[in-house]
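Beneath this line is the structure, given in structure tokens, with notes to follow.
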Amino acid sequence: MGAIVIGTVSTDDKAELARAHGLSELGLLTNERYLDNIGMYTRYGYRETDRVSHRGTDLVYFRKDLAGG
């Protein structure tokens, strides 16, 4: 699996940059303790795809389909 790192915060500008580079989706992760982040990512169209235990907490993985605009 390959990855292109565009930045540490997901924004519409980064989604446009990803589309310009031919990517069809974005992925990100956060910690389960950051409830505000989880809510924000959900509002921005990301869907939770996985939770993985890591050092006493869960890492929460998200994906966003870019094909829809």
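Summary of values
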read-out	value
Alpha-carbon Rg/Rh ratio, for region 12-69, with Rh computed the Kirkwood way	1.03
Distance (nanometres) between label positions extended 7 Å along Cα→Cβ at THR42 and SER24	2.7
Net charge over other residues, Cβ less than 12 angstrom from the Cβ of GLU25 (K, R count +1; D, E count -1)	+3
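Where a number appears in this text, it was derived from the coordinates with a stated rule and is not lab data. Since the structure is predicted, the reported quantities are computational estimates derived from the model, not experimental observations. Cβ coordinates were reconstructed from backbone atoms using ideal geometry, including for glycine residues, and neighbour counts include every protein chain displayed.
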